[in-house]
Amino acid sequence: MRNLKSLFGIILGMLLTMPFLTACGDDESIDLGTPKYESISGKYTINNPSSPYKSIELGAGGDYIVTLNNGYNTNLSTKVTLNKETYGIFRQPKTKSRATNYNGIIYGQYTENSDGTLNLEGFGTIEIVYGTGEEVKGFNLTPTNGGPVTLDVTKEETMSDDELTNALCRTWKIEKVRMIEQGDGESYDITLTPQDWEQFEGEIEVFPKEVLFSKSGTYMIYYADQSIGISSWKWKNQSAGTIYYSWDNEWYDDEFATLSFSGNQLIISETYEENDELGYYKFETYTYLVEK
């Protein structure tokens, strides 16, 4: 007989598991305005060979990600055997220690100064250098603890400009996570929030507080313990509201989640289901998010 308590403890620790929910229905609506920094958002690769910075990504909602050249590697150093029971869109593989997630990554909020420059909190000030038209070709960066430097940049390719992509690509706060488990005559139905998740100590590792999605295919999770996880996403079936996610830059058919928009709220859902000699088992998660 399946040990539900043990298995449930593992799955609770990851906060989201595998495939499914309902697609965006006709009765659903999206009531989200254009993010404040949509026009300059994107991931900018630094072309200067001697620069300590690998890339600077400006999120549409006012959050930034700076990756150092000797920093966080989004490719796993060794091939990982992915296990659906311990893996999900908000849970990185165990081969990536959260203790090192900030190694080479600078993350924070940015705002626009009165002179048009950008203040990247905790990092420095950036003046955007434009080329032909509105093309961004460089940054004049003044680090918080250093002298000014000019960076030659190339904006990475972005996804198409459409209603669903525009709605998703911003920074979200996670309000709650509902988890439903069924199997072998036992069932659970619990809801975790940022305020009470720690009462499940021993069964849940850490609560994801925020997530940033970008049109460059980046998504970054900010956890309650102030660690981060960075991964990649792309559309699986946009008409069905499904996205693939990847922690190791490989795409797998069963690693996807479903999006559902309602007003200014986003719901991300996954389901893991088994029916074998051990019996029937199903685990669902519904994560409720609002724009930051």
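The figures follow:
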| item | result |
| --- | --- |
| The stretch 104-121: number of residues that are open to solvent by less than 80 Å² (accessible area, probe 1.4 Å) and either out of contact with any Phe, Trp or Tyr (no Cβ under 9 Å at 6 or more places or on another chain) or not small (G, A, S) (or both) | 11 |
| Residue among T154, T150, T142 that alone is out of contact with any Phe, Trp or Tyr (no Cβ under 9 Å at 6 or more places or on another chain), among the hydroxyl-bearing types (S, T, Y) and open to solvent by 20 Å² or more (accessible area, probe 1.4 Å) | T142 |
| Selected residue (only one of Y223, Y188 is at pLDDT below 90 and touching a Pro at 6+ places or on another chain (Cβ under 6 Å)) | Y223 |
| Scope the stretch 122-139; condition surrounded by 16 or more Cβ atoms within 10 Å (Cβ to Cβ) and within 30 Å of Y244 (Cβ to Cβ); matching residues | V136 |
| Verdict on K234 being surrounded by fewer than 20 Cβ atoms within 10 Å (Cβ to Cβ), within 28 Å of E163 (Cα to Cα) and among the basic types (K, R) | yes |
| Condition met for S269 (outside any loop (DSSP other than H, G, I, E, B), under 28 Å from K43 (Cα atoms) and either open to solvent by 60 Å² or more (accessible area, probe 1.4 Å) or out of contact with any strand residue (DSSP E or B) (no Cβ under 8 Å at 6 or more places or on another chain) (or both)) | no |
| Cβ pairs under 6 Å, 6+ apart, first in the stretch 135-161 and of a type in the set (V, I, T), second part of a loop (DSSP other than H, G, I, E, B) and surrounded by 15 or more Cβ atoms within 10 Å (Cβ to Cβ) | T158/K215; T158/S216 |
| Residues located in the stretch 224-266, provided they are assigned to a loop (DSSP other than H, G, I, E, B), touching a Lys or Arg at 6+ places or on another chain (Cβ under 6 Å) and of a type in the set (S, T, Y) | S227 |
| Inter-residue pairs, beta-carbon under 8 Å, first at pLDDT below 90 and in the stretch 245-268, second open to solvent by less than 50 Å² (accessible area, probe 1.4 Å) and of a type in the set (K, R), 6+ apart | W247/K96 |
| Subset of the stretch 170-223 (residues that are assigned to a loop (DSSP other than H, G, I, E, B), touching a Lys or Arg at 6+ places or on another chain (Cβ under 7 Å) and within 30 Å of T158 (Cβ to Cβ)) | S214, S216, G217 |
| Residue check for I174: open to solvent by less than 80 Å² (accessible area, probe 1.4 Å) and more than 22 Å from the chain's Cα centre (by Cα) | no |
| Sole residue being at negative phi, small (G, A, S), at pLDDT 50 or above and more than 15 Å from the chain's Cα centre (by Cα), chosen from S97, S55 | S55 |
| Restricting the stretch 34-64 to residues that are among the β-branched types (V, I, T) and open to solvent by 10 Å² or more (accessible area, probe 1.4 Å), the residue that is farthest from M159 (Cα to Cα) | I46 |
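The values are calculated or read from the model by the stated rules, or taken from the named source; none is laboratory data. All values derive from a computational prediction rather than experimental measurement. Every residue, glycine among them, receives a Cβ derived from its backbone with ideal geometry; neighbour counts consider all protein chains shown. For accessibility, only protein heavy atoms count, side chains too; no ligands or nucleic acids. Shrake-Rupley method; radii C 1.70, N 1.55, O 1.52, S 1.80 Å.
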